[in-house]
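Have a look at the structure below, then the notes.
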Amino acid sequence: MPRSMIAACLALGTLFLNLTANQSFADERPNIIFIFADDLCFDSIAELGNVEVETPNLDRLAREGTSFNHTYNMGSWSGAVCLASRTMLNSGRFVWQAQEIYNQSEKERVEGRWWGEMMKAAGYRTYMTGKWHCRANAEKSFDVVRDTRPGMPKDFPEGYNRPIEGQPDPWSPSDPKWGGFWEGGTHWSEVIANHSDDFFADAAQHDEPAFMYLAFNATHDPRQAPQEYLDKYPAENIVVPANYQPLHPYAEEIGCGRKLRDERLAPFPRTEYAVRVHRREYYALL
C-alpha cells in the first residue's frame, strides 16, 4: 500500500531487556529486540493519537521509549515498498544504492556487510522469525531462525472486491478455512510471539548479548484476526476519514489504479460502508 507508511519499523525506541535476573553488567553491550511491522500506518497507534484503536503493548513501548514521528520511507523501485524498506534496513543503504545491490543481497551477507552478519561479528547471538523478503539466506544471516515468511500470506479471490453493501460478504477474517494468516493452524502473529518466548529462554542460557529480529507480517492483507478482536470494532462505529473520496482523482497517474493488486481489495467506487469494514479488519489485525 504505497499510500500509507509501508513496512513501518516500530521505531518506538530500542527495547533493552535483561534476559536473566542475575545478568552481569560487566558486558555493556545491550540486548536488542527489533520489532518490525508490515503496513503499519503512521497514525494507527493509540498513544500517538488514534482514539479508535486499542494498542496497549505498542502504547507501552511508545511511553517508555522514543517515537520518531517525522520519519519517512525513502520510496521504492517496486510497488511492494516493503521489499525496498527491508533491503535498505539490512544493507544500511539509501534507496538508490539499495536497489543496486538488491540482487546481490547474498553476496552482501557473505562479505559481512549485512546487518545480521555485523551483529554476529560484534559478538551477539542472533535470532530471527517472521517476514524476510530479502535476497539473502536468513538461515545463514542469523544464528537461530524460525518460520521465515514470504512477502504476504496466501490470498484468495473471495477476499477481493468486497464488501458490497446489501450483499452477503463471501469473506470472513476469522475463519481459518481461508488459510492466509491462519495457515498452519495458528495465527502468524501468535507464531512470532511464541517463537520470541523461545528465543528469550534460549538467550538466557548463553553469555553473549542477544539480538532479535522479530518481523510481523501484520498488518499486511489479508486482514485476518480472531473474532474476539473483530468484535472490539463494530463497523458502524468506525469513523470514515475526512479525506474519503469514492474515487481518487489521480489514481491511475500515480500508479495506484484499478489494476494494482491491493487496490482491488475494496470495490470501485469506494463506499463509506466498505471503508468502515476494511478499517475494522485492519484494527483487529493490528
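The values are calculated or read from the model by the stated rules, or taken from the named source; none is laboratory data. Quantities reported herein were computed from a predicted structural model and do not represent experimental measurements. Positions of Cβ are generated from backbone atoms using ideal geometry, with glycine treated the same way; all protein chains shown enter the neighbour counts.
The single condition among (1) loosely packed, with under 13 Cβ neighbours inside 10 Å; (2) at pLDDT 95 or above that N103 does not meet is (2). Select from the range 139-170 the residues that are touching a residue at least 24 places away in the same chain (Cβ under 8 Å), within 20 Å of F199 (Cα to Cα) and of a type in the set (V, I, T) and list them in ascending order. Within the range 139-170, just V144 meets the criteria.
Of the residues in the range 125-138, none is more than 21 Å from the chain's Cα centre (by Cα) and free of Cβ contacts under 8 Å to residues at least 40 places away in the same chain.
Do we have S44 as modelled with pLDDT of 90 or more, small (G, A, S) and part of a loop (DSSP other than H, G, I, E, B) here? Judged against the criteria, S44 is a match. So which residues in the range 136-168 are touching a helix residue (DSSP H, G or I) at 6+ places or on another chain (Cβ under 9 Å), farther than 21 Å from M88 by Cα and in a helix (DSSP H, G or I), if there are any at all? If the condition is that a residue be touching a helix residue (DSSP H, G or I) at 6+ places or on another chain (Cβ under 9 Å), farther than 21 Å from M88 by Cα and in a helix (DSSP H, G or I), then E158, G159 are the ones that fit.
For the range 65-108, the set of residues classified as among the hydroxyl-bearing types (S, T, Y) and either touching a residue at least 60 places away in the same chain (Cβ under 8 Å) or not in a loop (DSSP other than H, G, I, E, B) (or both) consists of T71, Y72, S76, S85, T87, S91, Y102, S105, listed by residue number. Of all residue pairs spaced 6 or more apart or on separate chains, those with beta-carbon atoms under 8 Å, a first member in the range 49-64 that is in contact (Cβ under 8 Å) with a residue 12 or more places away in the chain and a second member that is of a type in the set (D, E) are T55/E47; L58/E47; D59/E47; A62/E47; R63/E47. One residue stands out in the range 23-41 among those that are within 17 Å of the chain's Cα centre (by Cα) and assigned to a loop (DSSP other than H, G, I, E, B): the one that is modelled with the lowest pLDDT, namely C41.
When the range 232-286 is filtered for residues that are in contact with a helix residue (DSSP H, G or I) (Cβ under 9 Å, 6 or more places away or on another chain), assigned to a helix (DSSP H, G or I) and hydroxyl-bearing (S, T, Y), the ones remaining, listed by number, are Y273, Y283.
For the range 238-286, filtered to residues that are free of Cβ contacts under 8 Å to residues at least 12 places away in the same chain and over 25 Å from the mean Cα position of the chain (by Cα), the residue that is surrounded by the fewest Cβ atoms within 10 Å (Cβ to Cβ) is A242. Taking the criterion of being touching a Cys at 6+ places or on another chain (Cβ under 8 Å) and more than 30 Å from C134 (Cα to Cα), the only residue of the range 209-254 that qualifies is H248. Among the residues of the range 179-231, those identified as part of a loop (DSSP other than H, G, I, E, B) and of a type in the set (A, V, I, L, M, F, W, C) are A204, F216, A218, A225. The residue list A210, A204, A235, A215 contains one member that is within 21 Å of the chain's Cα centre (by Cα), modelled with pLDDT of 95 or more and aliphatic (A, V, I, L, M), which is A215. Looking only at the range 194-224, residues that are polar (S, T, N, Q), surrounded by fewer than 23 Cβ atoms within 10 Å (Cβ to Cβ) and either closer than 18 Å to G116 by Cα or touching a Pro at 6+ places or on another chain (Cβ under 8 Å) (or both) come to 1 in all.
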